[in-house]
Amino acid sequence: MKKSVNPLVAFLLLSLTSLAQTTTPAAGMEQVINSPFNNQTLRRFDLSETGLKGTPMALPDWAPGTLTFKSGNTIANALFNYDALHQELWVKRSPKDSVRYAAAGVRHVMIQLPNAPQPTRYEQLTGLTTDDVALKTGLVRVVYQGAYSLVQLPVKQFYKAPAKQAYGETQVFDEFRDESVYYIIRPDKTAERVKLNRKSLTAALQSKGPAFETVLKDKKLDPKVEADVATALTGL
């Protein structure tokens, strides 16, 4: 006696067979699904390709420098880069030898960037009055150090490409975005986040704001340029 086939099961099996015959997998993400009907493994493909933009590193490439730990120990004759996402300093002593150090143990590192007249200083600031935990635990790039200092906190954030893409979108990206920020550090160790413009810097400098504005005007300095801001901060 011939067994009858449940119509619903027959329809689903036919649909799955048709899909396997007509769909051409493209390069991209792959998800494995187990079929409850015939113990076969079906493969469903995301037809878009996910790439990656950016990097978690603060510098575009390795650069030579000298590292000083809080313990007083030093590392010289090495190459350095800073992972601003995880707050780790990377050190390479040879092509096959690299190691990472948590920013918490670093006092400062002097890095000689290509074509820069002077080494760039990264350091961990201590004793600050601020609600920004990253400013107290990570390394900052020192733009100008004086009674009123200007520093930049390197910040990288990772953004995952959305699961659903616009129709016809075939190339999508996960991305590391640079969201670094500037701070004015005042003599009392208070820190205020600023933008490189006249209004923000003048407000953060408080009583020294008018003198800062006068220097900008007299020397025709641009508050959007780091070097010009450093010049204006000299002598405050």
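The values are calculated or read from the model by the stated rules, or taken from the named source; none is laboratory data. Values in this document were obtained by computation on a predicted structure and should not be read as measured data. Glycine also receives a Cβ, built like all others from the backbone with ideal geometry; neighbour counts cover every protein chain displayed. Please note that ligands, DNA and RNA were not included when accessible areas were found on the heavy atoms of the full protein model with its side chains. Shrake-Rupley method; radii C 1.70, N 1.55, O 1.52, S 1.80 Å.
Annotations for the structure displayed:
- One residue alone among ARG121, ARG107 is of a type in the set (Lys, Arg) and more than 24 Å from THR231 (Cα to Cα), and that residue is ARG107.
- Taking the conditions (1) touching a helix residue (DSSP H, G or I) at 6+ places or on another chain (Cβ under 6 Å); (2) under 25 Å from PRO223 (Cα atoms) in turn, GLN87 satisfies each one other than (2).
- Members of region 73-83 that are in contact (Cβ under 8 Å) with a residue 24 or more places away in the chain and either of a type in the set (S, T, N, Q) or over 19 Å from ALA116 (Cβ atoms) (or both): ASN81, ASP83
- Of all residues making up region 163-189, the number that are closer than 14 Å to GLN206 by Cα and either modelled with pLDDT under 95 or not in a loop (DSSP other than H, G, I, E, B) (or both): 3
- Matching residues, region 111-125, being open to solvent by 90 Å² or more (accessible area, probe 1.4 Å) and on the phi < 0 side of the Ramachandran plot: PRO114, PRO117, GLN118
- The set of residues in region 204-221 that are open to solvent by 60 Å² or more (accessible area, probe 1.4 Å) and without any contact (Cβ under 8 Å) to a residue 40 or more places away in the chain comprises GLN206, SER207, PRO210, GLU213, THR214, LYS217, ASP218, LYS219, LYS220.
- Residues within region 95-128 that are touching a residue at least 12 places away in the same chain (Cβ under 8 Å) and part of a strand (DSSP E or B), tallied: 13
- Residues of region 129-155 satisfying the condition of being touching a Lys or Arg at 6+ places or on another chain (Cβ under 7 Å) and either part of a helix (DSSP H, G or I) or modelled with pLDDT of 95 or more (or both): VAL142, TYR148, VAL151, GLN152, PRO154
- Residue count for region 50-86, restricted to those that are part of a loop (DSSP other than H, G, I, E, B) and either hydroxyl-bearing (Ser, Thr, Tyr) or open to solvent by 50 Å² or more (accessible area, probe 1.4 Å) (or both): 10
- The single residue among LYS96, LYS160 that is open to solvent by 80 Å² or more (accessible area, probe 1.4 Å), within 19 Å of the chain's Cα centre (by Cα) and among the basic types (Lys, Arg) turns out to be LYS160.
- Number of the condition not met by ILE184 [criteria: (1) touching an Asp or Glu at 6+ places or on another chain (Cβ under 8 Å); (2) farther than 25 Å from PRO117 by Cβ; (3) β-branched (Val, Ile, Thr)]: (2)
- Comparison of LEU216, LEU221, LEU233 shows that the only residue that is at pLDDT 95 or above and closer than 16 Å to ILE185 by Cβ is LEU233.
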